[in-house]
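In what follows, a single structure is set out as structure tokens and then discussed.
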Amino acid sequence: MTRSLMFALPWALLAAPACDGGERKSIADQIGPPTKKLSELKQDSGVSDEELARRRKEAGFKTKSEVDAELAAENAKEMEKSEREWIKTRIKEYKQLDVDTRKFIDDVEKEAGKWAAAKDPQKAADKGVKPLQDRFKALIKQIDKLSERSTKGGNTQASYNKLFRPLEEVANNLGPAIASEAGFTEALKNARTELDGLDKALEEIEKDETLTVNKFKDGEGEGDAEAKDAKKKK
């Protein structure tokens, strides 16, 4: 009898009401409100947001924005590689475009000087303007064909756009007195600078061994490929 009472006693105590006769308080009420807010605890740690960010970076953690930026940069790099391969496949045509453009710039400068020195500048210009404008239109057709109307070529095509826009202004405003205009001289100077940069860019693309050439672009290169295979067999 005594043993049974000893086992039953704890359960009886748990089921009994509080000594003061009131309702028993919940666990949360017994614990009471927190003494400090989470932000206050963070401040008490003595570690700033910058320090936390630094520690996370050293540990190899990356934020979502950092991950997104890296993925975007990688995608852009792959896309640019593809655009450079497009140019390398057509490198001869691009180089010829540069030669034709440089000749056009030189001839525009030369012809404009002749018009200004002519006995009748207007008559001289009337005779020489249209052939130069037609040549410029031919250059635009060349670059449009190569770049599929500026949709191919990536950063290099952007440089061609930068070259041809000012030259278009020059071609559209050719006249007997254009040689004496400061803007004309400056435009030709800048065009030559852009063209020098493009010549260098094409050389780098041509020598870049990481770029793959499409040997069968529009049926071109098939003969070269066959000749190389025959040479290897020999």
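Of note:
- Overall Cα dimensions of region 139-192, principal axis frame, Å, largest first: 37, 18, 11
- Unsatisfied cross-links (Cα-Cα over 20 Å) in the set LYS152/LYS217; LYS77/LYS141; LYS95/LYS207: LYS77/LYS141
- Label point distance in nm, PHE216-ASN161, each placed 7 Å from Cα along Cα→Cβ: 3.3
- Calculated FRET efficiency for the pair GLU209/ASN75, C-beta based, R₀ 25 Å, to 0.05: 0.65
- Solvent-accessible area per residue, Å², over region 66-197 with all protein chains present [probe radius 1.4 Å]: 59
- Environment charge of ALA76, counting only residues whose C-beta is closer than 14 Å and scoring Lys/Arg +1, Asp/Glu -1: -3
- Per atom type, region 43-138 shows carbon and sulfur on 55% of its accessible surface, probed at 1.4 Å.
- A simple packing score, the average count of other Cβ atoms within 10 Å per residue, orders the peptides 163-176, 119-132 as 163-176, 119-132, with the highest score first.
- If R0 equals 25 Å, the separation of the Cβ atoms of GLU186 and ASP100 corresponds to a calculated FRET efficiency of about 0.65.
The values are calculated or read from the model by the stated rules, or taken from the named source; none is laboratory data. Quick caveat, the model's predicted, so the values are computed rather than measured. So basically every Cβ, Gly included, is an ideal-geometry build from the backbone, and we count neighbours across all protein chains shown. Note: accessible area is taken over every heavy atom of the protein model, side chains too, but ligands, DNA and RNA are not part of it. Shrake-Rupley method; radii C 1.70, N 1.55, O 1.52, S 1.80 Å.
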